[in-house]
Structures are given as structure tokens and as C-alpha cells.
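Colleague: Here it is, the structure in full.
Each reported figure results from applying straightforward, stated rules to the coordinates on display, with no laboratory input. Everything numeric here is computed off the predicted structure, so don't read it as measured data. All Cβ positions, glycine included, derive from the backbone under ideal geometry; neighbour counts span all protein chains shown.
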Amino acid sequence: MPDLIKTKSYIGFAINAGKIVYGADNILLKRKPGVVLYDITLAENSRTKLTNFLDGRQIPYFSTDLTIYLNKQNCKAIAITEKHLAEAIIKQFKES
């Protein structure tokens with residue numbers, strides 16, 4: 001598991017900067033998000049669509065419990081669009 005405090009901070013910075021996209025359907029409309037985090041409870045059909053989209057564009061993604069990082073209960077997927085924040089989050093998940 002990535003460092004919870006650092007990862008929460010990076011996601012918080014992205015939220016404050018307006019560099020975050022909420023929801024699997026909205027992520028599919030973005031051309032190239034930096035990184036995508038989706039909840040472990042995301043429906044299988046949505047997960048398949050999302051991962052196929054991300055694999056085709058070589059966008060990194062991770063499955064996690066999003067309620068740990070967000071104060072939103074029904075948000076099942078987020079994308080960080082700011083390059084440096086996305087890289088920091090990717091580093092946190094790869095180190096774990």
C-alpha cells in the first residue's frame with residue numbers, strides 16, 4: 001500500500017488545482033490523463049471499458065480503495081491530469 005499521507009496530499013493538491021476528473025465515463029472522454037485510480041468495487045463492465053481504454057493509450061492505472069483517499073463515498077474512479085502530481089502518485093503505488 002502506498003504512503004497514505006503522501007498520496008492523499010497529492011490527490012488533495014490535484015483537487016485544489018482542478019486537475020482531477022471524477023467518474024469512469026468522464027475519464028473515457030479525456031485524451032490522456034496522467035494516472036487513473038479506480039475503486040476495487042467498480043462494476044466489472046465499467047472496469048473492463050476503463051482498463052481497455054487505458055491499456056490502449058498506455059496510461060498507468062491502479063485499483064485501490066478510493067474512500068481512503070477521497071471524502072466521496074460513491075466515486076469509483078478518478079484521473080489526475082497534472083503531469084507532476086500523476087508521476088508522484090505513480091511512484092507511490094510502484095514503491096508499495
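Colleague: Could you list, in sequence order, all residues of the range 1-34 that are under 20 Å from residue 73 (Cα atoms), assigned to a helix (DSSP H, G or I) and hydrophobic (A, V, I, L, M, F, W, C)?
Modeller: 4, 5, 11, 13, 14, 15, 24, 27
Colleague: Another question, then. Condition check: touching a Ser or Thr at 6+ places or on another chain (Cβ under 6 Å) and farther than 21 Å from residue 30 by Cα. Does residue 92 satisfy that? Explain how you work it out, then say what you get.
Modeller: Values: touching a Ser or Thr at 6+ places or on another chain (Cβ under 6 Å): yes; farther than 21 Å from residue 30 by Cα: yes.
Answer is yes for this residue.
Colleague: Check off (1) farther than 15 Å from residue 11 by Cβ; (2) free of Cβ contacts under 8 Å to residues at least 40 places away in the same chain for residue 96 and give me the number that stays unchecked.
Modeller: With respect to (1) farther than 15 Å from residue 11 by Cβ; (2) free of Cβ contacts under 8 Å to residues at least 40 places away in the same chain, residue 96 is out only on (2).
Colleague: Counting only residues that are in contact with a strand residue (DSSP E or B) (Cβ under 7 Å, 6 or more places away or on another chain), farther than 19 Å from residue 44 by Cα and not hydrophobic (A, V, I, L, M, F, W, C), how many does the range 70-82 have?
Modeller: Going through the range 70-82 one residue at a time, the tally reaches 1.
Colleague: Mind listing whichever residues of the range 79-89 are touching a Pro at 6+ places or on another chain (Cβ under 9 Å) and not in a helix (DSSP H, G or I)? First the steps, then the outcome.
Modeller: The initial filter retains those residues of the range 79-89 that are touching a Pro at 6+ places or on another chain (Cβ under 9 Å), namely 79-81, 86, 89.
Those that are touching a Pro at 6+ places or on another chain (Cβ under 9 Å) and not in a helix (DSSP H, G or I): 79, 80, 81.
Colleague: Select, from 70, 37, the only residue that is crowded, with 16+ Cβ neighbours inside 10 Å, in contact (Cβ under 8 Å) with a residue 24 or more places away in the chain and in a loop (DSSP other than H, G, I, E, B).
Modeller: On the way: 37 fails: in a loop (DSSP other than H, G, I, E, B).
Unique residue meeting the criteria: 70.
Colleague: Look at residue 92 and say whether it is touching a helix residue (DSSP H, G or I) at 6+ places or on another chain (Cβ under 7 Å) and either in a helix (DSSP H, G or I) or more than 24 Å from residue 18 (Cβ to Cβ) (or both).
Modeller: Details: touching a helix residue (DSSP H, G or I) at 6+ places or on another chain (Cβ under 7 Å): yes; either in a helix (DSSP H, G or I) or more than 24 Å from residue 18 (Cβ to Cβ) (or both): yes.
Yes, satisfied.
Colleague: Considering the range 56-67 alone, what residues qualify as being more than 13 Å from residue 28 (Cβ to Cβ) and assigned to a helix (DSSP H, G or I)? If you could, list the steps in order and put the result at the bottom.
Modeller: Kept after step one, since they are more than 13 Å from residue 28 (Cβ to Cβ), are these residues of the range 56-67: 58, 60, 62-67.
Listed by number, the residues that qualify are 66, 67.
Colleague: Give me the pairs, please: first residue somewhere in the range 74-90 and farther than 14 Å from residue 7 by Cβ, second residue anywhere and assigned to a helix (DSSP H, G or I) and among the β-branched types (Val, Ile, Thr), beta-carbon distance under 9 Å, and either six or more positions apart or on two chains.
Modeller: If the second residue must be assigned to a helix (DSSP H, G or I) and among the β-branched types (Val, Ile, Thr), the pairs left are 75/67; 77/27; 79/27.
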